[in-house]
Amino acid sequence: MKLSNLAEGTEDFTGNVWKLENNSETILIDAGEGDVWQRIQELEKIDKVVVTHSHHDHVKNLEKIVEKFNPEIFAFEPGNLNAEAEKFSEGEKIEPADIEFEVFHTPGHRDDSVCLYSGEEKILFTGDLIFPDGKFGRTDLAQGDRDKLIKSIKKISELDIKEFYPGHGDAVTDRANSWIRKSLENAEKRESKY
């Protein structure tokens, strides 16, 4: 599997757009917004887009992606998107790029937030639940809830994770479980984040 972040180094504010390539499929985890579109439109094809949550910085490019590539789209709450999507549920297994991922519903930042976990690869796509250096997603926006966020971080902290790929910032490729525990510890302090 080849994995890269199309949003790396872009100028506009956007969520990360993780591109997975395996065998003959190209998958995006989130669609981003703004100038990341310049990189997305240069791709030869996109077979699937998996949405971690429906904040604009993760989904605004969906309409353009559908127009140009017509991929399958997967989301926890398809009705929150500006494109047709298939619904997935907690515990469901999906196989983008021939790698099995389990869907974990992880509300707290937004009610439709999910994380995607591959037990085989021991990798996790976290959306905006957690970030590098023990940081965690905002809970001061609509649908934000610190108690739900803490419960969601606890849920993923029980997984065996070597690497995680957040919705913003760099991938965590070393001591991933330690950073997840640090995110949980920081969230449990209940200090104002903003």
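The values are calculated or read from the model by the stated rules, or taken from the named source; none is laboratory data. These figures come from a predicted structure and were not determined experimentally. No Cβ is skipped: glycine too gets one built from the backbone with ideal geometry, and neighbour counts run over all protein chains shown. We work out accessible area using only protein heavy atoms, side chains counted, and drop any ligands, DNA or RNA first. Shrake-Rupley method; radii C 1.70, N 1.55, O 1.52, S 1.80 Å.
Here are a few things to note about the model shown:
- Within the listed set T139, T26, T173, the Gaussian network model of the chain (springs between alpha-carbon atoms below 10 Å) gives the highest mean-square fluctuation for T173.
- Of E92, E44, E102, the residue with the greatest mean-square motion in the GNM of the chain, using alpha carbon springs below 10 Å, is E44.
- Within the set (i) 45, 34, 32; (ii) 76, 47, 29; (iii) 129, 47, 32, the number that Cα extents along the principal axes in Å takes when calculated for this structure is listed as (i).
- Accessible surface computed residue by residue for the chain, with neighbouring protein chains in place and a 1.4 Å probe, gives 47 Å² per residue.
- Cβ-based net charge around H58, under 12 Å, with every Lys or Arg adding one and every Asp or Glu removing one: -3
- Taking all Cα-Cα distances within the range 133-193, those exceeding 14 Å account for 54%.
- Virtual spin-label span in nm between D147 and D160, 7 Å along Cα→Cβ: 3.4 nm
- Restraint check, K64/K135; K48/K68; K135/K162; K87/K182; K151/K182; K154/K182, Cα-Cα greater than 22 Å: K64/K135; K87/K182
- Note on the range 145-194: dipole from Cβ charges, positive end direction compared against L149, G167, I180; the farthest Cα belongs to L149.
- Note on the chain: GNM, Cα springs under 10 Å; of G91, G134, G108, the largest mean-square fluctuation is that of G91.
- Only protein atoms count toward the accessible area here, which uses a 1.4 Å probe; on the range 29-165, the carbon and sulfur part of that area reaches 41 percent.
- Summarised in one figure, the compactness ratio Rg/Rh of the range 15-64, Cα atoms and Kirkwood Rh, is 0.94.
- On the basis of the beta-carbon distance and an R0 of 30 Å, E92 and E185 show a calculated FRET efficiency of 0.50.
- Summing Lys and Arg as +1 and Asp and Glu as -1 over all other residues whose Cβ lies under 12 Å from the Cβ of P107 gives a net charge of -2.
- Length-normalised contact order of the chain in % [C-alpha pairs under 8 Å, at least 6 apart]: 15 percent
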